[in-house]
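J.: I'd like to ask some things about the structure below.
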C-alpha cells in the first residue's frame, strides 16, 4: 500500500479514489484496443491458447465469464467509435461502455450508432445500473421480438433451491424474472422495515420477513401488515408503461418496474388484463387532482407522482 495514503484526509482520499477510477476506465479503453489488435494478429497462439478469451482468462487472471465479457466488449467497441472515444476521454465509465457493447451485440451495432449520441448523453448523467435500464428499453424499441425472446429465455432460467439443514441453517438460493422479483419484494418489504432498537442486519430482516409472509399464507392470515383476517389486499406490482405500449404500437417503450428493471410490452399487456390502471397525465393535471379531489393524496395519484 502506498505510504502517502496514511497521511491523507478523508476528502483527499475520496479525490484519490475518484481519480483512480478515472484512470482505470481510461486504461480499459486502451486495453480494449490492445485486445482487438492482439486477437487479430493471433498473438495468443504463441502461448498455446486456442483463442483470445482463454488466453485472457489465464494471463489476465480473470474468470471465464469476465474474460469473455472483456473480449466481446472490445470487439463491439470497434463498431462504436464514439463510445470508445467517450470512454478514453473519461466522459463515461467502463460499465457504461459494457452496456453499450451488449446492446450492440443484441440489436446490431448499426442500430446503436443511429442513437449513439443520445445514449452517450444519458450515460454521462446516470450510473451504470440506471443506464442499463435505458439500453434495455432501447433494445425493446428497436427489436420487440428479440426483447421478448430474451425475456422468455430469462424466464426459463428461473429456479429456487431449498437445501438441507447444515450447521443449523438452511440455504435458499434462486433467481426469478424482474416482475416476479418485484412481486416478492413488494410482499416482504413491509415486514423488513427496522423497528426502534432493531439490531438486525438488512439481510436478517429480509430473511425474517420472508418467513413471516410464508407463515401468514400458511395460517390463512392476511398477507399485508395490519390485516389478520385473510381479507387484506394482494401485494401490488406497479408497472409504468406508455399508452402506446398498452396499445401494442410498434416502437413503443418497455414497461418500467417500480423497483427497477424493464418488462416487455407483451408482458405489460398481459398483466394489464387483470390490474387497476392509473392514468399519468401532465404535471399540471396532477396538481389540479391533488388540490381539488381531496385534502390528502390518493394512493393512485401518489403512484403517479412517484412515476413523474
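J.: Can you tell me how many residues within region 90-126 are touching a residue at least 60 places away in the same chain (Cβ under 8 Å) and surrounded by fewer than 16 Cβ atoms within 10 Å (Cβ to Cβ)?
T.: Residues that pass the stated criteria total 1.
J.: A follow-up question, please. Of the residues that sit in region 39-58 and are assigned to a helix (DSSP H, G or I) and in contact with a helix residue (DSSP H, G or I) (Cβ under 7 Å, 6 or more places away or on another chain), which one is farthest from residue 85 (Cα to Cα)? Talk me through it step by step, then tell me what you get.
T.: If we filter region 39-58 for residues that are assigned to a helix (DSSP H, G or I), which is where we start, we get 39-41, 43-47, 52-58.
Those still in the list that are in contact with a helix residue (DSSP H, G or I) (Cβ under 7 Å, 6 or more places away or on another chain) too: 39, 44, 47, 52-53, 55-57.
Details: 39: 21, 44: 26, 47: 31, 52: 23, 53: 24, 55: 26, 56: 23, 57: 26 Å.
Looking at residues that are assigned to a helix (DSSP H, G or I) and in contact with a helix residue (DSSP H, G or I) (Cβ under 7 Å, 6 or more places away or on another chain), I get 47.
J.: Can you tell me which residue is modelled with the highest pLDDT among those in region 247-284 that are assigned to a helix (DSSP H, G or I) and exposed (fewer than 12 other Cβ atoms within 10 Å of the Cβ)? First the steps, then the outcome.
T.: Applying the first criterion (assigned to a helix (DSSP H, G or I)) to region 247-284 yields 247, 265-272, 283-284.
Narrowing the set further to residues that are exposed (fewer than 12 other Cβ atoms within 10 Å of the Cβ) leaves 247, 283-284.
On the way: 247: 82, 283: 48, 284: 49.
Applying the filter and picking the extreme gives 247.
J.: Give the residue, chosen from 203, 197, 217, that is modelled with pLDDT under 85 and out of contact with any strand residue (DSSP E or B) (no Cβ under 9 Å at 6 or more places or on another chain). So that I can check it myself, show each step before the final result.
T.: Values: 203 fails: modelled with pLDDT under 85; 197 fails: modelled with pLDDT under 85.
Within the list 203, 197, 217, the selection yields 217.
J.: Could you tell me which numbered condition residue 239 fails, if it satisfies all but one of (1) touching a strand residue (DSSP E or B) at 6+ places or on another chain (Cβ under 8 Å); (2) modelled with pLDDT under 80; (3) surrounded by 16 or more Cβ atoms within 10 Å (Cβ to Cβ)?
T.: (2)
The values are calculated or read from the model by the stated rules, or taken from the named source; none is laboratory data. Fair warning: this is a prediction, and the values are worked out from it, not measured in the lab. Glycine also receives a Cβ, built like all others from the backbone with ideal geometry; neighbour counts cover every protein chain displayed.
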